Amino acid sequence: MKREEILSDLDWRYATKGFNTEESIDEKDYQTIKEAIRLAPTSYGLQPFKIIEIESREIRTQLQTAGYGQKQIVSASKLIAIASLKCFNDQLIDRYINLSKETRSLKEDQVSGYRNFIKNVFSHWSVDEKKSWSEKQAYIALGFAMLAAAELKVDTCALEGIDVQQVNEILKLKSSDYNVSVLLALGKRAEEDQSQHLKKVRLDASVLFETI
Ligand SMILES: Cc1cc2nc3c(=O)[nH]c(=O)nc-3n(C[C@H](O)[C@H](O)[C@H](O)COP(=O)(O)O)c2cc1C
């Protein structure tokens, strides 16, 4: 039953520390996870981030150093970085509205009100507020990727334990509008990774949820 499957997949997944270096992710599974990221919703639909797929072994090794030696960075089959916009202007809104027009065959007078509305909202925001908002959107994409991966029985580890400045430098983001938010390692768990046998540590629903 779908309901039980979802919960059992979420119980099956865990923050994988040891990846099997011999096994690669099925390419179709990987493409499905990428599509889940693309389909992830974002506030106003603006998708203020990009995904960097890190194939270079040399860059992975450099990233491991910037990630305090965490071995998932080099041992996972795939490694992606979700980099969110640290600053943006009206162009971001125009990109979305113009794409909406094209996708839904709309005329300017059908979108101009919304275009101006969104521009007006962001015009009151500080650079820090925009940066923090973009990062939140990036984490929605991360969640979608991890859930899709779990459903496909692909193991993942989100990695926030990184020196952001160093990672930005390695990924050549320093002089760009982007800032790395989080890395995601994907692959197959190693049989000997003991973390997979640990019980989940989660708050009781009575603590986590409240009704008013
Ligand atoms: C955004 C995010 C960042 C994380 N960063 C790291 C990390 O840098 N290194 C690591 O080993 N685990 C990292 N984790 C894994 C968490 O510690 C783990 O998901 C949490 O303890 C719950 O355990 P579980 O995922 O095994 O159920 C991260 C998880 C998330 C969601």
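The values are calculated or read from the model by the stated rules, or taken from the named source; none is laboratory data. Because the structure is predicted, anything quoted here is derived from the model rather than measured. FYI the Cβ positions are ideal-geometry reconstructions off the backbone, even for glycines, and counts take in every protein chain you see.
Let me confirm something: among Ser112, Ser126, Ser134, which residue is within 24 Å of the chain's Cα centre (by Cα), surrounded by fewer than 20 Cβ atoms within 10 Å (Cβ to Cβ), small (Gly, Ala, Ser) and modelled with pLDDT of 95 or more?
Result of the check over Ser112, Ser126, Ser134: Ser126.
Show me the helices (runs of 4 or more DSSP H) found entirely inside the range 1-86 where at least 2 residues are touching a residue at least 40 places away in the same chain (Cβ under 8 Å) and closer than 22 Å to Leu171 by Cα.
Once the helices (runs of 4 or more DSSP H) in the range 1-86 are filtered for at least 2 residues that are touching a residue at least 40 places away in the same chain (Cβ under 8 Å) and closer than 22 Å to Leu171 by Cα, what remains is 27-39, 57-66, 72-75.
So, of the residues in the range 186-204 that are near the ligand (Cβ under 9 Å from one of its atoms) and within 23 Å of the chain's Cα centre (by Cα), which turns out to be surrounded by the fewest Cβ atoms within 10 Å (Cβ to Cβ)?
Val201
Taking the range 1-41 as the search range and keeping residues that are more than 24 Å from Glu191 (Cβ to Cβ) and in contact with a strand residue (DSSP E or B) (Cβ under 8 Å, 6 or more places away or on another chain), which one is surrounded by the fewest Cβ atoms within 10 Å (Cβ to Cβ)?
Only one residue fits best here, namely Lys34.
Which one of these does Phe49 not meet: (1) of a type in the set (Phe, Trp, Tyr); (2) over 27 Å from Lys200 (Cβ atoms); (3) surrounded by fewer than 17 Cβ atoms within 10 Å (Cβ to Cβ); (4) within 16 Å of the ligand (Cβ to nearest atom)?
Every listed condition holds for Phe49 apart from (3).
Just need a number here: residues in the range 139-149 that are hydrophobic (A, V, I, L, M, F, W, C) and within 10 Å of the ligand (Cβ to nearest atom).
2
Residue check: is Tyr139 of a type outside the set (A, V, I, L, M, F, W, C), surrounded by 13 or more Cβ atoms within 10 Å (Cβ to Cβ), assigned to a helix (DSSP H, G or I) and under 21 Å from the mean Cα position of the chain (by Cα)?
When the stated conditions are applied, Tyr139 passes them.
Of all residues in the range 150-185, which are among the aliphatic types (A, V, I, L, M), within 16 Å of the ligand (Cβ to nearest atom) and under 24 Å from Lys2 (Cα atoms)?
Result: Ala150, Val154.
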